[in-house]
1. Quick one: grab the alpha carbon gyration tensor of the stretch 58-194, order the square roots of its eigenvalues as a ≥ b ≥ c, and give me rounded if a/c is under 1.5, else prolate or oblate depending on whether a/b is larger than b/c.
2. Assigning unit charges at the beta carbon (Lys, Arg +1; Asp, Glu -1) and nothing else, what dipole magnitude in debye, to the nearest 20, does the chain show about its Cα centre?
3. Ranked by Cβ crowding within 10 angstrom, fewest neighbours first, how are Leu79, Leu39 ordered?
4. Sort Phe177, Phe35, Phe77 so that the residue with the fewest other Cβ atoms within 10 Å of its own Cβ comes first and the one with the most comes last.
5. Where does the chain land at 222 nm, in deg cm²/dmol rounded to the nearest 500, when only DSSP H runs of n ≥ 4 count, each adding -39500 (n - 2.57), divided by all residues?
6. Order these by the 10 Å Cβ neighbour count, fewest first: Glu106, Glu83.
Amino acid sequence: MELDQDAVLRRYATAVDAAHGELTRLDRHSGDGDFGDNLRAGLRAAVARHDRAGGPAFAVLGEVFLDEVGGTSGPLFGLLFTEIARADGFAAGAAAGLAAIRRVGEAEIGDRTLVDALAPAVDALHGPHPFAAAARAAADGAARTAGLRARRGRASYLGDRALGAADPGAAGIALLFWAVASVAEPDAAVPPPL
């Protein structure tokens, strides 16, 4: 099935707008509090660029996040979007994006990063109702980060003080997979993760 990238971009942007306050709260708990702003600004810029110039939505997302979005999240999300854009199919692109992020960030499951949501989502893309299963796996992975002591990223300097709130990058990945599922498999009725 061909994924409607334009619809995913708009659904993701709308979901991040709605979750902006929660994403900011999560990042204040474990970082510098700018993740919600960065993710929202990147998505707004991608929607504007896509409306102006067209092109495949994931390619536009990759360009915007690599070129314009700051923090750690910009390049990592940019890598993911770029790999999805290059690949033959969303599942292959998500897997390639996960591999690229692991290579650059050296993060694994259990490190309390976006990999905790992305890796299980990628694994779930190969079963029945793949997009809904991936969205649920990403949401579950993001939720589990609340109980993990960070071993990568800014939160790793906080020790146990970062416990109790989900990793914001993992939450951002869960929102992405929710957007994909809500476009590709709307009958599955997967609830938003935030």
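Each value in this text was obtained by applying a stated rule to the coordinates, not by laboratory testing. Treat the numbers as computed from the prediction; the structure is a model and nothing was measured. Here Cβ is always computed from backbone atoms with ideal geometry, including for glycine, and neighbour counts include all displayed protein chains.
1. Values: a/c = 1.83, a/b = 1.22, b/c = 1.50.
Verdict is oblate for the stretch 58-194.
2. Numbers: 19 positive and 25 negative charges, 94 e Å.
It comes to approximately 460 debye.
3. Numbers: Leu79 22, Leu39 31.
Sorted ascending by nearby Cβ count, the order is Leu79, Leu39.
4. Numbers: Phe177 32, Phe35 25, Phe77 28.
Ordered by Cβ neighbours within 10 Å, fewest first: Phe35, Phe77, Phe177.
5. On the way: 8 runs with 129 residues, N = 194.
The helix-only estimate for the chain comes to -22000 deg cm²/dmol at 222 nm.
6. Details: Glu106 12, Glu83 21.
Ascending Cβ contact count within 10 Å gives the list Glu106, Glu83.
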